[in-house]
Amino acid sequence: MLTSIVGINWGDEGKGRMVDLLSEEQDIVIRYQGGNNAGHTVINERGKFILNLLPSGILRPEVVCVMGNGMAIDLAHLDKETNKLREAGIEISPKNLKISDRAILTMPYHIELDCLEEERLAGEKYGSTRRGIAPVYGDKYLKKAVRAGDLLDLDYLEHRLRGIVAYKSLMIEGMYHAEPVSFDEMFAWLKKYADIFRDYIIDTGVYLSDAVKAGKRIMFEAQLGALRDIDFGIYPYTSSSSTIAAYGPIGAGIPGVKLDRVVGVMKAYSTCVGEGPFTCEWFGEEAEELRRAGGEYGAATGRPRRVGPFDVVASKYGCRVQGADDIALTKIDILSYMKKIPLCVAYDVNGKKTVDFPMGQALNIAKPVIEYMDGWNCDVSACRKKEELPAALLAYVKRIEELTECRVKYISVGAEREAYIQMY
Ligand code: GDP
């Protein structure tokens, strides 16, 4: 059984807690794209954990976690993340963590380039998290990236790194008039992390195809959401990797397999970190109240998130590009304070109503068309069965199902592992 858990919106939908919940039924959990530019927050009986690089399955000792070839891995960050978890009593060893030899490595100069470019863009910036993600994926396609497997042969690594460093220095000096990259520093940096992670690096494609043959239960865990996908998102305010479920098998190293089930995680209202068009955005006191209620501050960066009502146009599009079979609707408990629940049911683009998610300038100028539904005005955080949910909440969910053309299987009413309702 191959299951994928993906974000339907702009990211931060609460994927981490759904992966944590559903990973109970899994043998293997795989991260297949992105780097440490976002974070999953998981709260369970062992504490509160923020995971940037590691698959959320790492919190379950019986699950094997794989960091796939589609990822961009900053080994310094991974070292810190693994040590922090070990301090909290989580065991991490080559037995339960495997790093693809084909995954690209985020280097210190990628982070520097990310910052230099965002500063150059100034008022026009893309809202990068400055973790080096765009520069390292850029290098992947320029064929100038170091890959994890290169650390297994230091002579080969040295040879490759020399050419890459010479190229990067030309770029940093020529374009940004900054200091050139030091080969010695970069080689020493890589050797340090080679010593720490050597035993974790394997051909995860072989490992996973054997696991598929053996009938193992495998889960693909995405970072960010459909609207941050490099192809289908709000380009150029996207991430640099593919956040789409269909990319999962490719980014994991088993491109020939087909997914059995895609669970799309969608928040009961909208949030977005960083720049770019966000049609249903609220401002002022109304926004502050929702932000406070939902604790909407970035897991990786602490930045206050932009907030607004549920966006049907964006979510319907997200469900379609993700090919979602089931939806997990998260954080519905946060809406309990609202007398009337707003829904953005369409966009108005130059006086024309549309429910098809636009791109480019049409998206920039789109205005939200809002519909209101009755609120439920009571605490739902203790509900665990469909029958316990208020009628107004069920009506809100039903309306979302109709408009997004996707069925809601899970509703979460609190951050804790068991705070959810299975609808069918
Ligand atoms: P992710 O990157 O998609 O995992 O999203 P985040 O890390 O931003 O997680 C969402 C945040 O909301 C985390 O702090 C979760 O613990 C919390 N959370 C998730 N589901 C619920 C829910 O149903 N209700 C409440 N109140 N909090 C939730």
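The values are calculated or read from the model by the stated rules, or taken from the named source; none is laboratory data. Keep in mind that what you see is a predicted model, and the values were worked out from it rather than measured. Here the Cβ positions follow ideal geometry from the backbone for every residue, glycine too, while neighbour counts run over all protein chains shown. For accessibility, only protein heavy atoms count, side chains too; no ligands or nucleic acids. Shrake-Rupley method; radii C 1.70, N 1.55, O 1.52, S 1.80 Å.
Name the residues whose placed amide hydrogens come within less than 5 Å of the amide hydrogen of Val146, ignoring near sequence neighbours (fewer than 5 apart) on the same chain.
So Val146 has HN proximity to Leu105.
Counting pairs of Cα atoms in the stretch 342-424, how many percent are more than 21 Å apart?
Working: 1510 of 3403 pairs.
In whole percent, the share of Cα-Cα pairs in the stretch 342-424 beyond 21 Å is 44.
What Cys residues in the chain have no fellow cysteine's beta-carbon under 4.7 angstrom?
Cysteines lacking a close Cβ partner in the chain: Cys65, Cys115, Cys272, Cys378, Cys383.
Based on alpha-carbon centroids, what's the gap between the stretch 182-218 and the stretch 115-169 in Å, whole number please?
Comparing the Cα centres of the stretch 182-218 and the stretch 115-169, I get a distance of 19 Å.
For the chain, what does -39500 (n - 2.57) per DSSP helix run (n ≥ 4), summed and divided by total residues, give at 222 nm, in deg cm²/dmol to the nearest 500?
On the way: 12 runs with 140 residues, N = 424.
Per the formula, -10000 deg cm²/dmol.
So what are the ³J(HN,Hα) numbers for the stretch 136-149, from phi and the Karplus equation (6.51, -1.76, 1.60; θ = phi - 60°), rounded to whole Hz, Gly and Pro as x?
Residue by residue, the stretch 136-149 yields 6, 5, x, 5, 4, 6, 7, 6, 10, 9, 8, 10, 3, x Hz.
GluC sites (Glu not before Pro) within the stretch 5-52: which are DSSP loop residues with at most 11 other Cβ atoms inside 10 Å?
Passing sites in the stretch 5-52 are Glu45.
Compute the relative contact order of the stretch 29-106 as a whole-number percentage, counting only Cα pairs closer than 8 Å that sit 6 or more residues apart in sequence.
35 percent
On the accessible surface of the stretch 1-97, probed at 1.4 Å, how many percent belong to carbon and sulfur atoms?
Carbon and sulfur atoms account for 50 percent of the accessible area of the stretch 1-97.
Using the Karplus curve 6.51 cos²θ - 1.76 cosθ + 1.60 with θ = phi - 60°, work out ³J(HN,Hα) for each residue of the stretch 403-413 in order, rounded to whole Hz, and write x for Gly and Pro.
With the stated coefficients, the stretch 403-413 comes to 6, 8, 6, 9, 8, 8, 9, 10, 10, 9, 10 Hz.
Could you please state how large a percent of the accessible area of the stretch 268-422 is carbon and sulfur, counting protein chains only and using a 1.4 Å probe?
Its accessible area is 50 percent carbon and sulfur atoms.
How far apart, in nm, are two points set 7 Å out from the Cα along the Cα-to-Cβ line at Asp231 and at Leu142?
A separation of 2.4 nm, rounded to one decimal place.
Quick one: which residues, 5+ away or cross-chain, put their amide H under 5 Å from the amide H of Gly274? H built at 1.01 Å from N.
Arg306
Using DSSP, restrict attention to beta bridges with both residues in the chain and report what percent are antiparallel, rounded to the nearest 5.
Looking only at bridges with both residues in the chain, the antiparallel portion is about 40 percent.
Just how far, in whole angstrom, is the stretch 309-372 from the stretch 23-38 if you go by their alpha carbon centroids?
Rounded to whole Å, the Cα centres lie 27 Å apart.
How tilted is helix 154-176 with respect to the longest principal axis of the chain? Cα atoms for both, answer in degrees (0 to 90, nearest 10).
So the helix axis and the longest Cα principal axis differ by about 70 degrees.
Using the beta-carbon distance between Lys352 and Phe187 and R0 = 41 Å, what value does 1/(1 + (r/R0)^6) give for FRET efficiency, to the nearest 0.05? Can you show the working numbers first?
On the way: r = 58 Å, r/R0 = 1.40.
Rounded to the nearest 0.05, the efficiency is 0.10.
Which aspartates and glutamates have a Cα lying under 18 Å from the Cα of Lys398, excluding residues fewer than 8 positions away in the same chain?
Those aspartates and glutamates meeting the cut-off are Asp311, Asp325, Asp326, Asp333, Glu371, Asp374, Glu387, Glu388.
For the stretch 127-228, rounded, prolate or oblate, judged on the Cα gyration tensor with a ≥ b ≥ c (square roots of eigenvalues), a/c < 1.5 rounded, else prolate if a/b > b/c?
Here the stretch 127-228 falls in the oblate category.
Taking only protein heavy atoms and a 1.4 Å probe, what accessible area per residue, in Å², does the stretch 268-422 have with all protein chains in place?
Computed with neighbouring chains in place, this is 44 Å² per residue.
Label points 7 Å out from Cα along the Cβ direction at Glu371 and Lys80: separation in nm?
4.6 nm
In Å, what Kirkwood hydrodynamic radius results for the chain from the alpha-carbon pair distances?
One decimal place: 22.2 Å for the Kirkwood radius.
Got a sec? Which residues in the stretch 268-307 would a label at Asn364 touch, if it sits 7 Å along Cα→Cβ and we count backbone N under 12 Å?
Output list for this probe position: 276-277.
So, in nm, how far is label Leu394 from label Ala88 when the simple model puts each one 7 Å beyond its Cα toward the Cβ?
3.7 nm
List nothing, just return the count: lysine pairs in the stretch 104-197, 8 or more apart or interchain, with Cα separation under 23 Å.
12
Using a cut-off of 10 Å between beta-carbons, work out the net charge of the residues near Asp374 (Lys and Arg +1, Asp and Glu -1, Asp374 not included). Provide the component values of the computation, followed by the final result.
On the way: positive: Lys339, Lys340; negative: none.
Net local charge, Asp374 excluded: +2.
In the P(r) worked out for the stretch 268-422, what percent of Cα pairs fall beyond 28 Å?
Tail fraction, whole percent: 18.
What length, rounded to one decimal in nm, is gained on full extension from Arg407 through to Glu179, with 0.36 nm per residue of separation minus their alpha-carbon distance?
76.7 nm is the gain from fully extending Arg407 to Glu179.
Counting other Cβ atoms within 10 Å of each Cβ, which trypsin sites (Lys or Arg not before Pro) in the stretch 45-132 have at most 11 and sit in a DSSP loop?
Within the stretch 45-132, the qualifying trypsin sites (Lys or Arg not before Pro) (loop, at most 11 other Cβ atoms within 10 Å) are Lys95.
How about the stretch 221-285: which trypsin sites (Lys or Arg not before Pro) there are in a DSSP loop, with at most 10 other Cβ atoms within 10 Å of their Cβ?
Answer by residue number: Lys258.
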